[in-house]
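Student: Structure incoming, see below.
The values are calculated or read from the model by the stated rules, or taken from the named source; none is laboratory data. Here the structure is a predicted model, which means the values were calculated and not measured. Ideal geometry is used to build each Cβ from the backbone, glycine not excepted, and the neighbour counts take in all protein chains shown. We work out accessible area using only protein heavy atoms, side chains counted, and drop any ligands, DNA or RNA first. Shrake-Rupley method; radii C 1.70, N 1.55, O 1.52, S 1.80 Å.
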Amino acid sequence: MSKTNVRRHALEKCRTVKETQKTVNHNFFTRNLKKVYPIGLHKSTSSSSLSLSSISLSLSQNSNDSSQADSLTPLDDKISLALRFISPRHAREPSTASKPLHHHQPPTSPPTEPGEFKRCNWITKNSDNAYIEFHDECWGIPAYDDNKLFELLAMSGLLMDYNWTEILKRKETLREVFAGFDANTVAKMEEKEIVEIASNKALSLADSRVMCIVDNAKCITKIVKECGSFSSYIWGYVNHKPIINRYKYPRNVPLRSPKAEILSKDLVKRGFRFVGPVIVHSFMQAAGLTIDHLVDCYRHSECVSLAERPWRHI
């Protein structure tokens, strides 16, 4: 064999070996890649090279598949890493604008009491329903009815012996025995009726307490003759407009006020009993003459809205 034929034979053998190796490598690469990431290697419309952006997109879409991730081999890891390095930067690192916004927003805390209103701090989870109802439906609402004002004044006077919860649990019984707190009817009660009320175990009132309510009813009837109504007399001390306070903390709410002291002195002068400044201020709070709901209580704005209406005596 001549030297020329030997050289030609060697070149053809070398070319055959390279083509065989290239085919083996391509088949191996494709087989392993499809085993881990089910994507198709296709031609790009703009060039004859593989579409690396489509490969990168498929990799990112399948990177969260735990079942496939468990089957990765060291060779698969190297292939994945290589593709990530050679893919375009924008395909590997999505822009901040494409990321979900909720990933950057701190989670909001759910309300501690779903469906519950924010009330004054002295209303707690352990508060009795009667006390909560009184806070929500009565306390701070302007009252203009004579019977209602007499009722609230009588119940405030019982704070000498009981708290609001204990008094409110007796409210219906008090209304029954005192004729709905009609001052004319109560003022005419005699000793027999007073003793009967005092012996009522549901009330547990001393004779002096019952007699006090009867005497105050007699004083109210005199005021009605003088001023036209008990309501007109009472509201005259606040210029017929509720005093709107904006207390933030319970410690800011006073036990007495200058207006309560002035009203207390005149009530005592007129013959009322158990009407000290603290009792009178409690009465003014309950009757809505002064609005002492805390500013963050849901009832504050509602009572203020009622207070700012043009005053009309009813």
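Student: Testing residue 148 on (1) free of Cβ contacts under 8 Å to residues at least 60 places away in the same chain; (2) within 27 Å of residue 233 (Cβ to Cβ), one condition comes back false. Which one is that?
Tutor: So the condition that residue 148 fails would be (1).
Student: Please find, among 253, 295, 278, the residue that is out of contact with any Leu (no Cβ under 9 Å at 6 or more places or on another chain) and of a type in the set (A, V, I, L, M).
Tutor: Numbers: 253 fails: out of contact with any Leu (no Cβ under 9 Å at 6 or more places or on another chain); 278 fails: out of contact with any Leu (no Cβ under 9 Å at 6 or more places or on another chain).
Step by step, each of 253, 295, 278 is checked, and only 295 is out of contact with any Leu (no Cβ under 9 Å at 6 or more places or on another chain) and of a type in the set (A, V, I, L, M).
Student: Condition first: at pLDDT below 95, in a loop (DSSP other than H, G, I, E, B) and closer than 18 Å to residue 212 by Cβ. Can you find one or more residues in the range 141-161 that meet it?
Tutor: There is at least one residue in the range 141-161 that is at pLDDT below 95, in a loop (DSSP other than H, G, I, E, B) and closer than 18 Å to residue 212 by Cβ.
Student: Taking into account only those residues within the range 224-271 that are touching a residue at least 40 places away in the same chain (Cβ under 8 Å) and in contact with a Cys (Cβ under 6 Å, 6 or more places away or on another chain), which is most open to solvent (accessible area, probe 1.4 Å)?
Tutor: Out of the qualifying residues, it is 270.
Student: Just give me the residues in the range 201-223 being open to solvent by 50 Å² or more (accessible area, probe 1.4 Å) and part of a loop (DSSP other than H, G, I, E, B), in sequence order.
Tutor: Going through the range 201-223, the residues open to solvent by 50 Å² or more (accessible area, probe 1.4 Å) turn out to be 201-202, 204, 206-208, 211, 218, 222.
Within the range 201-223, 201, 202, 204, 206 qualify.
Student: I need a count of the residues in the range 157-176 that are closer than 25 Å to residue 225 by Cα and without any contact (Cβ under 8 Å) to a residue 40 or more places away in the chain.
Tutor: Qualifying residue count for the region: 1.
Student: If you check residue 185 against the conditions, is it assigned to a helix (DSSP H, G or I) and open to solvent by 50 Å² or more (accessible area, probe 1.4 Å)?
Tutor: Working: assigned to a helix (DSSP H, G or I): yes; open to solvent by 50 Å² or more (accessible area, probe 1.4 Å): yes.
For residue 185, the condition - assigned to a helix (DSSP H, G or I) and open to solvent by 50 Å² or more (accessible area, probe 1.4 Å) - is met.
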